[in-house]
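I have placed the structure first, in the form of structure tokens, so that the comments after it can refer back to it.
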Amino acid sequence: MRYFFSLVLTGWLLTGCTDSLLVPQPETAPQQWLLKTLPSPPDTLTNQPMSLGISLAVERPTAPAPLRTREIWYRSQEHQLSPFGKQRWAESLDQQVQQLISNFLGQQSWLETSLVDQPGYRSTYRLRITLQEWYLNTAKQQLDIAIQINLLDAQGNNLLQHQWNAQPQVTELTTAALLATSQAWLDHWAIEVSDLLYEQLKSP
């Protein structure tokens with residue numbers, strides 16, 4: 001009888017082990033990252049004159065396919081891009097840049113309004129952004145950034161064009177380092193964009 005119960009117990013244990021092996025293990029959800037809101041304008045910008053009565057529409061950036069997805073990309077060789085495994089943007093990078101710069105410019109005293117481009121919004125000027133590169137370069141341990149802005153009037157005439165090509169160093173080859181370096185660079189870039197637009201538009 002003792003032998004019989006031993007066999008039953010062994011069979012139950014084996015069945016339990018087999019069942020546990022057959023149950024699929026849940027996959028861990030990708031970690032999601034999002035750039036922070038850009039800081040309020042410094043005093044040098046808030047001291048600018050009161051509103052010039054200008055409304056601005058910020059278009060969704062033109063960007064290559066990888067930057068219009070939620071994947072976070074790194075470059076191991078000159079023309080080879082790979083996504084970080086289990087690491088994603090909560091929102092595609094091009095849309096984040098559009099929303100962040102629009103919100104930042106909306107805080108400028110000389111602008112009446114700054115909104116992301118949307119149907120029915122009729123603005124005095126349009127800000128067109130071309131997001132050409134934004135990748136972690138693992139070979140050089142830097143961030144490769146290439147971005148251009150164009151300021152257009154209501155008729156579509158180009159009033160201003162400016163290009164940035166930057167290679168800020170990263171502290172380590174991780175998504176967190178990419179995010180921190182991106183954030184620091186964007187903070188300075190937004191101020192430069194505001195200065196350029198103001199200088200262009202302050203005189204009728």
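Key figures
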| item | result |
| --- | --- |
| Value of Rg to Rh for segment 31-201 (Rh from inverse mean 1/r over Cα pairs, i.e. Kirkwood) | 0.98 |
| Magnitude of the charge dipole, segment 31-201, Cβ model with Lys/Arg +1 and Asp/Glu -1, debye to 20 | 500 |
| Net lengthening on full extension, ASN103/HIS79 (0.36 nm per residue, minus Cα-Cα) | 5.3 nm |
| Label-point gap, in nm, between ALA139 and GLN163 - each point 7 angstrom along Cα→Cβ | 2.1 |
| Under 14 Å from LYS86, Cα to Cα: aspartates and glutamates that are on another chain or at least 8 residues apart | GLU27, GLU71 |
| Where a label projected 7 Å from the Cα of ASP153 along Cα→Cβ would reach, residues of segment 166-204 with amide N under 14 Å | 200-204 |
| Added length on full extension, which subtracts the Cα-Cα distance from 0.36 nm per residue, SER203 to ALA29 | 57.4 nm |
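We did not get these values from a lab; they are worked out from the coordinates using the rules stated. It should be emphasised that the depicted structure is a prediction, and the values quoted were computed from it without experimental measurement. Counting neighbours? That spans all protein chains shown, and the Cβs are built from the backbone with ideal geometry, glycine included.
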